[in-house]
Amino acid sequence: MVKLGTVFDLLEDKRRRYVLYYLEQRDGPVAIRELVEQIDEWEDEPTRADRSADAFEDIAIELTHTHLPRAAEVEFVQYDREQGTIQIQGAPPKFDTFVSIARLIEEPEE
């Protein structure tokens, strides 16, 4: 069983929340590149037409070295660094509820 403090810790960081929002809507493993592309899109400022490759790379590095390993500390998040995939499998309904509520409040652009 996941503790409430762990749930709040996972939701504390914006990029980690974005990871959870995206994974919650997918069945099965998601390629890290696909996840990075979605986060890059959500973070892109509407007035900024020249999103740099550096920004994309920064997201990828931060996710693979910080946020994905941290999320994988809970038993229902599987991060396969070698395959370059991550997924949520068997998350408790209460966890899904917290993620859904956070997403409704934050409303990332789709």
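Numbers for the structure displayed
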item: Close pairs (8 angstrom Cβ cut-off, 6 or more residues apart or separate chains): farther than 17 Å from Y18 by Cα in the stretch 68-81, hydroxyl-bearing (S, T, Y) and modelled with pLDDT of 95 or more anywhere; result: R81/T64
item: Residue, nearest to P93 (Cα to Cα), within the stretch 1-34, restricted to residues that are within 8 Å of the chain's Cα centre (by Cα) and not aliphatic (A, V, I, L, M); result: Y21
item: Subset of the stretch 4-39 (residues that are aliphatic (A, V, I, L, M), buried (at least 19 other Cβ atoms within 10 Å of the Cβ) and without any contact (Cβ under 8 Å) to a residue 60 or more places away in the chain); result: V30, I32, L35, V36, I39
item: Selection from the stretch 93-110 of residues that are of a type in the set (A, V, I, L, M) and surrounded by 15 or more Cβ atoms within 10 Å (Cβ to Cβ); result: V99, A102
item: Condition check for G90: surrounded by fewer than 12 Cβ atoms within 10 Å (Cβ to Cβ), over 19 Å from E109 (Cα atoms) and touching a strand residue (DSSP E or B) at 6+ places or on another chain (Cβ under 7 Å); result: no
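The values are calculated or read from the model by the stated rules, or taken from the named source; none is laboratory data. Keep in mind it's a predicted model, so treat the numbers as computed, not measured. Using ideal geometry, Cβ is built from the backbone for each residue, glycine included, and neighbour counts are taken over all protein chains shown.
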